[in-house]
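Here the structure is laid out as structure tokens; the discussion comes afterwards.
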Amino acid sequence: MNDLDVLESQSIHIFREAFNRLDKIAMLWSIGKDSNVMLWLARKAFFGHVPFPVIHVDTTYKIPEMIAFRDRVAAEWKLPLIIGSNREALAGGMGPDQGRVNCCSALKTDGLKQVLREHGFTGVIAGIRRDEEGTRAKERVFSPRNEQAEWDVRDQPPEFWDQFKTDFAPGTSLRIHPLLAWTELDVWRYIRREGIPVVELYFAKGGRRYRSLGCAPCTGTVASTAATVDEIIAELETTRIAERSGRAQDQESEDAFERLRAGGYM
Amino acid sequence: MTATTPFRIVVVGHVDHGKSTLVGRILSETGALPEGKVEALKEVCARRGMPFEWAFVMDALQAERDQGITIDTAQIRFRTEARPYVIIDAPGHKEFLKNMITGAASAEAAVLVIDADEGVQEQSRRHGYLLHLLGLRQIAVAVNKMDLVGWDEARFRAVEAEIRAYLAGIGVQPTHVVPVSARGGDNVAAASALSPWYAGPTVLGALDGFAAAAQPVELALRLPVQDVYKFDHRRIVAGRIESGRLKVGDRLVFAPSGKAARVATIEGWAGTDITQLAAQAGQSVGFTLDDQIFVERGEVAHLAEAAPIISHEVRARVFWLGREPLAVGGRLKLKLATAEHQVTVAAIERIIDVTDLAHHSGGTVGKNAVAEVVLRSRSPIAYDAFSVNPRLGRFVLVENYDIVGGGVIAEAGGAQHQVKSGNITAVDHKVTPTARAAANGHEGGVLWLTGLSGSGKSTVAMELERRLFLKGWQAIVLDGDNVRYGLCSDLGFSPEDRAENIRRVGEVAHLFAQAGMLVITAFISPYRADRDRVRAIGPEAFHEVYVATAIEECERRDPKGLYRKARAGQIPEFTGISAPYEPPAVPELVLDTAGRSLDDSVGELLAYVERVFGSAWHNVAGYGI
């Protein structure tokens, strides 16, 4: 087994644990490369099937190519897709001009909480990785949230020997993170090996490309000439620029991302 | 680019001995930090008016920066010329031990950091002990802050000798002991000119010297069933191969049920459905069987010639993380591979003081302590000793939704059965008394307390029931007064009615006993003939206890005021006053409660019960499950 085989096998194990141990689960699909890899792994884990709903939280500010990709892949793979939005906040005029962190909290975090509440999901599978950001490095594979979907980083359950927290008090829920141990480079190498489709926005046009995808107003491009998966892999092997450097909401204050996550952001 | 799984290391040690500083320095020296990270942190420090700390690289959280201690395991990567690494920064603060275990349990090797000035401290020992308990065998020691002791070789040798002595006590020999100044970067990546007396490797050199752990392909096949899927026409058994190899055509036996079938296909999906002929340890697989047997999550597939141990009892070394102490009689959920079992703490054999390795017996196990315990399960557990196969020799304990401990299983437990495939399938259809006894940890039976009113039968019975329950026994009291509210509410106290009362209770008691329970009855049952009839229903299960408290003492106690009423002629046919009591001719036990404490009386009875009903199943050979 090479390193990608080890990661794949571990992720499949996590998917199967979540599916077996939790009552009602769903998977988040941000349309980004990581959640596409997650979809692929889910189909591997369940032999071509995705036996739980796939949620996309639509802020309505997403880059248009992402939505087109979502609708095409969802149809092709026959995904049980749920699209959620915080309609109330949008009607109230929420947008990045109200403050980027406020906007993320309302449209992404609250939007997600609304979908979870509406459908009564007790577990949600998310594609975060430890190497993305220092806060995510602290995460557990099975990470409990309280009734307000808040994360208590200071009091996390022990997690060892692949025995996850699968018992929890009524009202609490879990975030499950099958990609926690993967790196950005692993994700691209796996995309190459398996031939997983990704949005064209990742590939350089005119000397720039998206390294991380989010909402159009808050997601910037990085200087790059990497126009193929191979070229992206070659670029990542040498870069020392942080993956989320193009994500404006993280930079709003020193601990912006930490506060977003404690409130329930992915 | 290499396609190697990063080597996982954990950095442990006493609080403030410099773990995070060492990690920050390693990341910097190996060029692993994103551009601008150090500069950004230096800026933050300047803004807060505090000196820059390498530890801040790891302590990315606001709360940590404020408190100055690491609170959770973070994982950051770097690579040397030899290979890639994942570094798990485990915190040293005492209350965060569960996080350290979370980090250390997945590591292949460890660096134990010790302050050259402070020397070996409580957490240095505790972490060293836990690393060993978690199965880590490769430990390097970094004696840090050598700059604070002026790079004094004598001081280094003293700390080295102290930690080597401790580790030797738990059977660990460190691969290297390196004198270091993490802050100054000495002997981290490059050999320092400040320690000309040290000829060993740098910290990075010590890391590169660790041997990579291999998947346990050569061990016997262990494939815990994780789930069974029926998404389409296929019935796919899914699970991860924890050890050994799986091939199409293998005849698998599932423990503990003993069912068996051959592997028909190994299923997969890689864009479209695929099948393979073989798979090995580490792979998450799905397979179909040639025979539609019912297997479920928790069972362990193995080859017939190399079966795991199947037992209701597990003897293990446990580290306890629960807020409340672990005590005998405690009920927990044990999770081992994909199986879950309800267990009772049957015994706490030794409590280990990890600071001086002294053993204490008895008592309860406090938070963060280590103990050797015996756990008894209602259901049979399939496992291996940790030393034989770690993947099937370790478990976690769950209480009130939380993981509160972990354990590694010692060599042979008290009562184990190397089940041979073949004579095991009959179990589905027949639960034998011995099988029930094995599940309960004791035999079913009737403990028949007879004696005068006020002799102490009910009081003793209720206390005995409570104490047996706490020990995990299936025990219930049938009390004279209580049955007369229901089962025998139509009966009075004439000799005929008393006989019928006892007959009914006797039948019910024996039914309970057959169901595996220990039934404690508390009835005056004054007539020998009535009691003998009850004995005749199931002579082997019937144990008669004569509560022989003298009538004078009973009348003095008179807890219900009945003697007074009887003496006043208000109760007709009152045993001992106006009706006879026939003491047993040959009771199994005589118990006089006069002048003794309840604790003392019950203690005597408890000892009898444990002797007669308790350990019998230990001697049962091949109990038919």
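For segment A:181-192, indicate whether the set of residues that are within 14 Å of another protein chain (Cβ to nearest Cβ), in a loop (DSSP other than H, G, I, E, B), crowded, with 22+ Cβ neighbours inside 10 Å and modelled with pLDDT of 85 or more is non-empty.
Checked segment A:181-192: at least one residue is within 14 Å of another protein chain (Cβ to nearest Cβ), in a loop (DSSP other than H, G, I, E, B), crowded, with 22+ Cβ neighbours inside 10 Å and modelled with pLDDT of 85 or more.
Somewhere in segment B:236-256, is a residue assigned to a loop (DSSP other than H, G, I, E, B) and within 13 Å of chain A (Cβ to nearest Cβ)?
Filtering segment B:236-256 down to residues assigned to a loop (DSSP other than H, G, I, E, B) leaves B:241-242, B:244, B:248-250, B:256.
Subsequent filtering for residues that are within 13 Å of chain A (Cβ to nearest Cβ) retains B:241-242.
Yes.
Filter segment A:1-49 down to the residues that are of a type in the set (Lys, Arg) and more than 7 Å from every other protein chain (Cβ to nearest Cβ) and list them by number. Step through it out loud before you land on a result.
Taking segment A:1-49 and keeping what is of a type in the set (Lys, Arg), we get A:16, A:21, A:24, A:33, A:43-44.
Answer for segment A:1-49, where residues must be of a type in the set (Lys, Arg) and more than 7 Å from every other protein chain (Cβ to nearest Cβ): A:21, A:24, A:33.
Test of understanding: among B:395, B:386, which residue is under 23 Å from residue A:158 (Cα atoms) and in a loop (DSSP other than H, G, I, E, B)?
Of B:395, B:386, the one residue that is under 23 Å from residue A:158 (Cα atoms) and in a loop (DSSP other than H, G, I, E, B) is B:386.
Residues checked against (1) touching a residue at least 40 places away in the same chain (Cβ under 8 Å); (2) at positive phi; (3) among the hydrophobic types (A, V, I, L, M, F, W, C):
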site: A:9; (1), (2), (3): no, no, no
site: A:24; (1), (2), (3): yes, no, no
site: A:30; (1), (2), (3): yes, no, no
site: A:38; (1), (2), (3): yes, no, yes
site: A:72; (1), (2), (3): no, no, no
site: A:83; (1), (2), (3): no, no, yes
site: A:91; (1), (2), (3): no, no, yes
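Any chance segment B:89-100 includes a residue that's crowded, with 16+ Cβ neighbours inside 10 Å, touching a Phe, Trp or Tyr at 6+ places or on another chain (Cβ under 8 Å) and either assigned to a helix (DSSP H, G or I) or at pLDDT 75 or above (or both)? Talk me through it step by step, then tell me what you get.
Taking segment B:89-100 first, the residues crowded, with 16+ Cβ neighbours inside 10 Å are B:89-93, B:96-100.
Next cut, touching a Phe, Trp or Tyr at 6+ places or on another chain (Cβ under 8 Å) only: none.
No; the residues of segment B:89-100 include none that is crowded, with 16+ Cβ neighbours inside 10 Å, touching a Phe, Trp or Tyr at 6+ places or on another chain (Cβ under 8 Å) and either assigned to a helix (DSSP H, G or I) or at pLDDT 75 or above (or both).
State whether the residues of segment A:82-93 include one that is of a type outside the set (Asp, Glu) and in contact with a Phe, Trp or Tyr (Cβ under 9 Å, 6 or more places away or on another chain). Can you show your working first?
Our first condition is that a residue be of a type outside the set (Asp, Glu); within segment A:82-93, this holds for A:82-87, A:89-93.
Now restrict to residues that are in contact with a Phe, Trp or Tyr (Cβ under 9 Å, 6 or more places away or on another chain): none.
Within segment A:82-93, not a single residue is of a type outside the set (Asp, Glu) and in contact with a Phe, Trp or Tyr (Cβ under 9 Å, 6 or more places away or on another chain).
Of the residues that sit in segment A:138-152 and are more than 21 Å from residue A:24 (Cα to Cα) and surrounded by 19 or more Cβ atoms within 10 Å (Cβ to Cβ), which one is farthest from the chain's Cα centre (by Cα)? Walk me through it before giving the result.
Within segment A:138-152, the first condition is being more than 21 Å from residue A:24 (Cα to Cα), and the residues that meet it are A:138-139, A:152.
In the following step, the residues that additionally are surrounded by 19 or more Cβ atoms within 10 Å (Cβ to Cβ) were identified as A:138-139.
Values: A:138: 16, A:139: 13 Å.
Restricting to residues being more than 21 Å from residue A:24 (Cα to Cα) and surrounded by 19 or more Cβ atoms within 10 Å (Cβ to Cβ), the top hit is A:138.
Residues checked against (1) away from chain B (no Cβ under 14 Å); (2) of a type in the set (S, T, N, Q):
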position: A:57; (1), (2): yes, no
position: A:121; (1), (2): yes, no
position: A:129; (1), (2): no, no
position: A:149; (1), (2): yes, no
position: A:156; (1), (2): no, yes
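Quick check on residue B:210: is it assigned to a loop (DSSP other than H, G, I, E, B) and either under 30 Å from the mean Cα position of the chain (by Cα) or within 14 Å of chain A (Cβ to nearest Cβ) (or both)? Can you show your working first?
Details: assigned to a loop (DSSP other than H, G, I, E, B): yes; either under 30 Å from the mean Cα position of the chain (by Cα) or within 14 Å of chain A (Cβ to nearest Cβ) (or both): no.
Answer is no for this residue.
So residue A:196 fits all but one of (1) at pLDDT 85 or above; (2) more than 21 Å from residue A:55 (Cα to Cα); (3) within 10 Å of chain B (Cβ to nearest Cβ); what number is the exception?
So residue A:196 meets the others, but not (2).
For segment B:236-256, which positions are within 22 Å of residue B:394 (Cβ to Cβ) and among the small types (Gly, Ala, Ser)?
Result: B:238, B:239, B:243, B:244, B:255.
Mind telling me which of the residues B:188, B:217 ends up being in a loop (DSSP other than H, G, I, E, B), touching a Ser or Thr at 6+ places or on another chain (Cβ under 9 Å) and either surrounded by fewer than 16 Cβ atoms within 10 Å (Cβ to Cβ) or within 14 Å of another protein chain (Cβ to nearest Cβ) (or both)? Spell out the reasoning first.
Working: B:188 fails: either surrounded by fewer than 16 Cβ atoms within 10 Å (Cβ to Cβ) or within 14 Å of another protein chain (Cβ to nearest Cβ) (or both).
Sole residue among the options that is in a loop (DSSP other than H, G, I, E, B), touching a Ser or Thr at 6+ places or on another chain (Cβ under 9 Å) and either surrounded by fewer than 16 Cβ atoms within 10 Å (Cβ to Cβ) or within 14 Å of another protein chain (Cβ to nearest Cβ) (or both): B:217.
I need the strands (runs of 3 or more DSSP E) fully contained in segment B:262-330, keeping only those with at least 3 residues that are out of contact with any Leu (no Cβ under 7 Å at 6 or more places or on another chain).
Filter on segment B:262-330 gives B:273-276, B:284-289, B:309-320.
Can you say whether residue B:172 is touching a residue at least 40 places away in the same chain (Cβ under 8 Å), in the same structural domain as residue B:18 (by TED's automatic domain parsing), among the β-branched types (Val, Ile, Thr) and surrounded by fewer than 22 Cβ atoms within 10 Å (Cβ to Cβ), as far as the supplied structure shows?
Numbers: touching a residue at least 40 places away in the same chain (Cβ under 8 Å): yes; in the same structural domain as residue B:18 (by TED's automatic domain parsing): yes; among the β-branched types (Val, Ile, Thr): yes; surrounded by fewer than 22 Cβ atoms within 10 Å (Cβ to Cβ): yes.
Considered against the rule, which asks whether it is touching a residue at least 40 places away in the same chain (Cβ under 8 Å), in the same structural domain as residue B:18 (by TED's automatic domain parsing), among the β-branched types (Val, Ile, Thr) and surrounded by fewer than 22 Cβ atoms within 10 Å (Cβ to Cβ), residue B:172 comes out as yes.
Checking residue B:417 against (1) more than 29 Å from the chain's Cα centre (by Cα); (2) at pLDDT below 80: exactly one of these is not met. Which one?
So residue B:417 meets the others, but not (1).
Can you tell me which of B:468, B:478 is touching a strand residue (DSSP E or B) at 6+ places or on another chain (Cβ under 8 Å) and part of a helix (DSSP H, G or I)? Quick ask: steps written out before the conclusion?
Working: B:478 fails: part of a helix (DSSP H, G or I).
B:468 is the lone residue from the list that is touching a strand residue (DSSP E or B) at 6+ places or on another chain (Cβ under 8 Å) and part of a helix (DSSP H, G or I).
Just checking, how many residues over segment B:9-35 are in contact with a helix residue (DSSP H, G or I) (Cβ under 9 Å, 6 or more places away or on another chain), within 14 Å of another protein chain (Cβ to nearest Cβ) and of a type in the set (D, E, K, R)?
Total meeting the criteria: 0.
If I go through segment B:280-299 residue by residue, how many of them are within 10 Å of chain A (Cβ to nearest Cβ) and without any contact (Cβ under 8 Å) to a residue 60 or more places away in the chain?
To start, the set of residues in segment B:280-299 that are within 10 Å of chain A (Cβ to nearest Cβ) comprises B:280-286, B:297.
Narrowing further to those that are without any contact (Cβ under 8 Å) to a residue 60 or more places away in the chain: B:283-284, B:286.
The total comes to 3.
The values are calculated or read from the model by the stated rules, or taken from the named source; none is laboratory data. Note that this is a predicted model, so its numbers are computed, not measured. Note: ideal-geometry Cβ built from the backbone for every residue, glycine included; neighbour counts use all protein chains shown.
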